[in-house]
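Where a number appears in this text, it was derived from the coordinates with a stated rule and is not lab data. What you see is a predicted model, and the numbers here were worked out from it, not measured in a lab. As a convention, Cβ positions derive from the backbone with ideal geometry for all residues, glycine included, and neighbour counts pool all protein chains shown.
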Amino acid sequence: MLLLARGPKAWPRFSLLKPLIFPWTLGNKTVCERVQHLSVQGPAETGKQGLPRGPRLRTRLLITALFGAGLGGAWLAARADKERQRQRRRTEALRQAAVGQGDFSLLDHHGQTRCKADFRGQWVLMYFGFTHCPDICPDELEKLVQVVQQLEAQPGLHPVQPVFVTVDPARDDVAAMARYVRDFHPRLLGLTGSAEQVAQASRSYRVYYSAGPKDEDQDYIVDHSIAIYLLNPDGLFTDYYGRGRSAEQIADSVRQHMAAFQSILT
Amino acid sequence: MAAPSMKERQVCWGARDDYWRCLEESAEDASRCQQLRKSFESSCPQQWIKYFDKRRDYLKFKEKFEAGQFQPSKSPANS
């Protein structure tokens, strides 16, 4: 009874062990046989046997490298795309600024209405002042004209349009501007307008001006900020030059801007 | 009143420079430059005369200041 009872319990155990032991011994044998086999074959044969492993490693390395390169490439492409998008947004913003920024509507010294878009395609040097100015405005305009002449003398350069905008529209009407600008340069363009138009144009260029008290002759001096502005052919504010800059320095700077210029409006 | 023409400006600036040179040479004694002062006043708009007088004061001060000779006045509390 006991044996019988144990029997069926022990047997399945044995049968479970059997397949475990059997392959082990068999495996051992095969491994040994293989080793013997290998040692008999010699180094040349080992190389042959090792070969299937070599390409596999190389393939793996190759795949890894390709995968890595692919990832790197994708990252670079994504980065380039991001940069292009950034550049596009910047160009778009600049384009909007080119049209809107620093816009004005004024009368030139021939009485014609002029706005910023009329100067598209031209480099513009712009100075704000007034015709009754004792010394600074004529000096600065003289300097501006020297810059224009220096650039004119250089062949192959885009001509620069000199512009003088009054900050004293009460006295500087079209006729006064015409009289004033002809003393400086044949192409110097005088711009004037209503008090509002001049105020708007000056605000666009951050030009401060304030008329001083009138004397017995009803004469007065207008205090104002002094700077020469450079606009590029797209109409974008590009640089400005204070009193301390010489005509040569300004001409050099304009030349550099011209060399670096790329239109964003084409 | 029309703004001075370029020629008028140059005449005015010339008279101003002559007067200023006289002041320089006579150690700021204006009484010795009266003739040139008259010429200066007749060559420039009145407003410009006032402006140039102030401008010279400023330039003199600047010269002194840059030479390190300017002594700021002591505040009233200390003097």
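If you restrict to DSSP beta bridges whose two residues both lie in the range A:107-261, what percentage is antiparallel, to the nearest 5?
Details: 14 of 24 bridges.
That works out to approximately 60 percent antiparallel.
Per-residue ellipticity at 222 nm for chain B, helices alone: DSSP H runs ≥ 4 residues times -39500 (n - 2.57), over residue total, nearest 500 deg cm²/dmol?
Numbers: 3 runs with 51 residues, N = 79.
Calculated from helices alone, the mean residue ellipticity at 222 nm is -21500 deg cm²/dmol.
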For the range A:78-198, shape from the Cα gyration tensor axes a ≥ b ≥ c, cut at a/c of 1.5 then a/b versus b/c, turns out prolate
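Let me know the shape class of the range B:6-79, please: from the alpha-carbon gyration tensor, a ≥ b ≥ c as square roots of the eigenvalues, rounded when a/c is under 1.5, otherwise prolate if a/b is greater than b/c, or oblate. Intermediate values should be presented prior to the final figure.
Numbers: a/c = 2.47, a/b = 2.13, b/c = 1.16.
Verdict is prolate for the range B:6-79.
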Are there DSSP H segments in chain B that both extend 18 Å or more along their axis (alpha-carbon positions) and score a mean Kyte-Doolittle hydropathy of at least 0.0? List them, or say none. none
Using mean Cβ contacts within 10 Å as the protection proxy, how do A:171-182, B:23-34, A:78-89, A:124-135 order, highest first? A:124-135, A:171-182, B:23-34, A:78-89
Run the numbers on the range A:55-164 and let me know its relative contact order in percent, using alpha-carbon pairs under 8 Å that are six or more apart. 19
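Rounded to the nearest 0.05, what FRET efficiency is calculated for B:Ala30 and B:Phe65 with R0 set to 25 Å and r the Cβ-Cβ distance? If you can, show how the numbers build up before the last one.
On the way: r = 22 Å, r/R0 = 0.89.
Between B:Ala30 and B:Phe65 the formula returns 0.65.
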